[in-house]
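A short reminder: the numbers here are calculations on the coordinates, not readings from a lab. Everything quoted here is computed from the prediction, not taken from an experiment. So basically every Cβ, Gly included, is an ideal-geometry build from the backbone, and we count neighbours across all protein chains shown.
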Amino acid sequence: MSAVDRSQVRPSVIAGSWYPGRPAELRTTIERYLANVEPTELEGEVVGLIAPHAGYIYSGQVAAYAYKQLEGRDFDLVALISPIHQMYMGTYMVTSYAYYETPLGLVPVATDLVDELAEELNLVRVQRDGEHSLEIQLPFLQYVLGEFRLLPVMLGDQDWGSCQRLASALAPLLTREKALLVASTDLSHFHPYDRAVQLDRRVLERVEAFDPRGLSEDLRARRCEACGGGPVIAVMLAAQELGAKRARVLCYANSGDVTGDHSQVVGYMAAALF
């Protein structure tokens, strides 16, 4: 890559805290997580993934079950949809930078596709965002895919209509090159272990059934929780438009499985759409 204007680079806001900040340590960490995963045979081509976004020490191993599916596969473009945690400036937000940076290097934003997406949606372009749930997926993608272009969207309103509009605008853009959809989400937050498993089971069932409308209704009725529920729904809808017909939950765990503290846990899921 030729010299890049640093003013066009979104620097990492979580390297060294949410995941290792040194390149060698980050690579080793991802390698270890991936090595712990046995490959899962899927009856078809991978169109989308769902991965958690807590710190790697909590959810990195679960995320590895999703990204293991990319080994040996090539994708030129990744459409990565995350929620918004720290600020709200509209239904659809996108970085104004031309690159994301992690300790593993720069990820170029597909600015041409961002411009096209803006013709269909009211995209709010932002600087200085601190959104961890989008960035935290990038080192896994960099490690497994190498070079790719990124179409990043942070979703504010997660109602059914907003998800539908995003999916309908995204899908046509992803037919021109080998593209992958990724939804970033954690599940229930801060419930006792058994209650969390009960809530999260409903999300897993809706994903396995490839039922985005049912998931939307369950989230609206508070029968389950997912901070990235909207991204999951939008990615499922877009994946269906791109020909995906099945989904499989690859791994489920929660923070209590890592820390041993079952009093208040956060749920994590990895899944593939194919």
| task | Enumerate the amide H contacts of Leu151 below 5 Å, restricted to partners 5 or more residues apart or on another chain; note that Pro and chain-start residues carry no placed amide H. | result | Val78, Ala79, Leu80, Ala110
| request: Could you run the Karplus curve 6.51 cos²θ - 1.76 cosθ + 1.60 with θ = phi - 60° over segment 161-178 and give me ³J(HN,Hα) per residue in whole Hz, x for Gly and Pro? | output: x, 5, 5, 4, 5, 5, 4, 5, 6, 6, 3, x, 5, 8, 8, 8, 8, 5
| said: Pairs of alpha-carbon atoms within less than 8 angstrom and 6+ residues apart define the contacts here; what relative contact order does the chain have, in percent? | reply: 27
| task | Pull up all non-local amide H partners of Ser12: gap of 5 or more, or a different chain, and H-to-H distance under 5 Å with H placed in the peptide plane. | result | Glu101
| Given only helices, namely DSSP H runs of n ≥ 4 each adding -39500 (n - 2.57), what is the per-residue ellipticity at 222 nm of the chain, to the nearest 500 deg cm²/dmol? | -11500 deg cm²/dmol
| Roughly how many nanometres apart are two label points built 7 Å out from the Cα toward the Cβ at Asn36 and Phe190? | 2.6
| remark: Contact order relative to length for segment 124-274, counting C-alpha pairs under 8 Å separated by 6 or more residues, stands in percent at 28
| note | Loop-resident GluC sites (Glu not before Pro) in segment 67-117 with no more than 12 other Cβ atoms inside 10 Å, DSSP not H/G/I/E/B, are Glu71
| note | Quick calc, the chain, dipole around Cα centre from Cβ unit charges on Lys, Arg (+) and Asp, Glu (-), nearest 20 debye, gives 280
| note | Label model pair Ser168, Glu116: point-to-point distance (7 angstrom along the Cα→beta-carbon line) in nm is 1.8
| Restricting the count to DSSP beta bridges whose residues both fall in the chain, what percent are antiparallel, rounded to a multiple of 5? | 45
| task | Pick out which of Asp112, Asp211, Asp74 has the largest mean-square fluctuation in a Gaussian network model of the chain, springs linking Cα atoms closer than 10 Å. | result | Asp112
| request: Springs between alpha-carbon atoms under 10 Å, Gaussian network over the chain: tell me which of Leu113, Leu123, Leu170 tops the mean-square fluctuations. | output: Leu113
| From the square roots a ≥ b ≥ c of the eigenvalues of the alpha-carbon gyration tensor of segment 1-76, which class results: rounded (a/c under 1.5), prolate (a/b over b/c), or oblate? | oblate
| task | Report ³J(HN,Hα) in whole Hz for each residue of segment 253-260, in order, from the Karplus equation J = 6.51 cos²θ - 1.76 cosθ + 1.60 where θ = phi - 60°; Gly and Pro get x. | result | 7, 9, 4, x, 5, 8, 8, x
| query | Of Gly256, Ala238, Ala226, which is farthest on the positive side of the dipole of segment 210-274, counting Cα position, with +1 on Lys and Arg Cβ, -1 on Asp and Glu Cβ, and the Cα centre as origin? | reply | Ala238
| remark: For segment 68-185, averaging the sequence separation of alpha carbon pairs under 8 Å that lie six or more residues apart and dividing by its residue count, the contact order in percent is 49
| Farthest positive-ward along segment 6-273 dipole, Cα basis, beta-carbon charges - from Val124, Leu70, Ala196 | Ala196
| query | Pick from Ile30, Ile57, Ile81: which residue has the top mean-square fluctuation in a GNM of the chain where Cα pairs under 10 Å get a spring? | reply | Ile57
